[in-house]
């Protein structure tokens, strides 16, 4: 049977498409499996931390519980990082559980910093199987990046059959996946914080936030309404370890991984080791991200066969089908100008109890108030600001600052003003660094002569 030249070209296109599809599926499946294993293996660096606050005569006790992660192993000595607020109630009675509340070790608090909310603990023996985690700093986390939060949330203890036992085995650790919503947020305490929608609960505090390679990039610290959760910078942990003279394992940035992979290609024997080590137990041995080669091969072959069939069917079906043109509807560009006071008031249709309410209590426009469902700009420029000061008002820039309503409360941002924006306690708000301020906040513009009150509701 003779095959026409046209038919040969079609078959070549089909075979090339199938080869490309097979390669893409293979690479994607391998990357997905390696990433999943790296995150799951991160569990071997996580522990539960308990602070026993008060013990009663009947043997019962009050406690607070959180999570920690191993940052250094030397012989039978384990160094663990956690949040300061996990151990602050009674730092003399801090324990790390091995399997449950009946099997735990006393922990010495080596370092505690309320400002950064970081504590460093030391435990002797009993944590065999736990490994130190790699700390990645500096780390350029970007918006929408996938991250994973590990820990022992109290809500799980509450629904467990053995709720009072505080089970702390590897299989009891939870892993929640989320995306970064703000990589450089400054919280009320002035800490550099990452905001994420990964679900965390009381009990997760002090646990590691890891990237797809299982490297610690932040420390889970607090949560707010609206599924907004914060994790402080891993640099605070690194600074604490350096001040104590304790070594730690550094992670690899993406650029370093690419360089290592390029170097490995030159030496085939070492290529398999590029991304194998995620943790170190203090003696240099690694925990490889192993996964089933047989299962992966089956998945790739099956996907390739299905892909080839799909390409053949689509090619034959559409061989002479004319291409349809699709014209996108014309989009009206959105204005980037800040809304005026009049626009803010006209667009407000929500109940007053949920609106942003900003008023000048002291200063040139004392008594003036603006309500908005979103954001209110403050300054001397009437074309850009909702709360407008006279043109000759001293200490006020044209567009001085903005107050926004977020799901978790009020956020204040100084927009690079000449004279500064200050909280009621005198702390200066860093320019262009949004600051969470709860549901009510008082602040000053330039000096103490101009006082602004922002709140949610009337």
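The values are calculated or read from the model by the stated rules, or taken from the named source; none is laboratory data. These figures come from a predicted structure and were not determined experimentally. When we count neighbours, we look across all protein chains shown, and the Cβ atoms used for this are built from the backbone with ideal geometry, even at glycine.
For the range 58-101, the candidate set comprises residues that are over 30 Å from residue 186 (Cα atoms) and in contact with a helix residue (DSSP H, G or I) (Cβ under 7 Å, 6 or more places away or on another chain); within that set, the residue that is surrounded by the fewest Cβ atoms within 10 Å (Cβ to Cβ) is 100. Residue 408 falls short on exactly one of the conditions (1) buried (at least 20 other Cβ atoms within 10 Å of the Cβ); (2) farther than 18 Å from residue 368 by Cβ, and that condition is (1). The single residue among 227, 204 that is within 23 Å of residue 152 (Cβ to Cβ) and surrounded by 16 or more Cβ atoms within 10 Å (Cβ to Cβ) turns out to be 204. Please determine whether any residue of the range 148-159 is surrounded by fewer than 20 Cβ atoms within 10 Å (Cβ to Cβ), modelled with pLDDT of 85 or more and closer than 26 Å to residue 248 by Cα. Checked against the condition, which is being surrounded by fewer than 20 Cβ atoms within 10 Å (Cβ to Cβ), modelled with pLDDT of 85 or more and closer than 26 Å to residue 248 by Cα, the range 148-159 yields no hits at all.
Please pick out the residue among 4, 60, 28, 74 that is modelled with pLDDT of 90 or more and out of contact with any strand residue (DSSP E or B) (no Cβ under 9 Å at 6 or more places or on another chain). Give the steps one after another, and end with the answer.
Working: 4 fails: modelled with pLDDT of 90 or more; 60 fails: modelled with pLDDT of 90 or more; 28 fails: modelled with pLDDT of 90 or more.
Answer to the check: 74.
Within the range 355-428, considering only strands (runs of 3 or more DSSP E) that don't extend past its boundaries, which have at least 2 residues that are over 23 Å from residue 195 (Cα atoms) and not assigned by TED's automatic domain parsing to the domain that holds residue 189? Strands (runs of 3 or more DSSP E) meeting the threshold: 356-362, 369-372, 375-379, 421-423.
Could you please let me know if residue 249 is more than 12 Å from residue 83 (Cα to Cα), touching a strand residue (DSSP E or B) at 6+ places or on another chain (Cβ under 9 Å), crowded, with 17+ Cβ neighbours inside 10 Å and not assigned by TED's automatic domain parsing to the domain that holds residue 49? Yes. Given the condition assigned to a loop (DSSP other than H, G, I, E, B), touching a residue at least 60 places away in the same chain (Cβ under 8 Å) and assigned by TED's automatic domain parsing to the domain that holds residue 192, answer yes or no: does some residue in the range 103-114 qualify? Checking the range 103-114: not a single residue is assigned to a loop (DSSP other than H, G, I, E, B), touching a residue at least 60 places away in the same chain (Cβ under 8 Å) and assigned by TED's automatic domain parsing to the domain that holds residue 192. In this structure, does residue 205 turn out to be modelled with pLDDT under 85 and under 25 Å from residue 62 (Cβ atoms)? In short, no. Selection of the range 191-206 for residues being over 12 Å from residue 147 (Cβ atoms) and in a strand (DSSP E or B) yields 192, 193.
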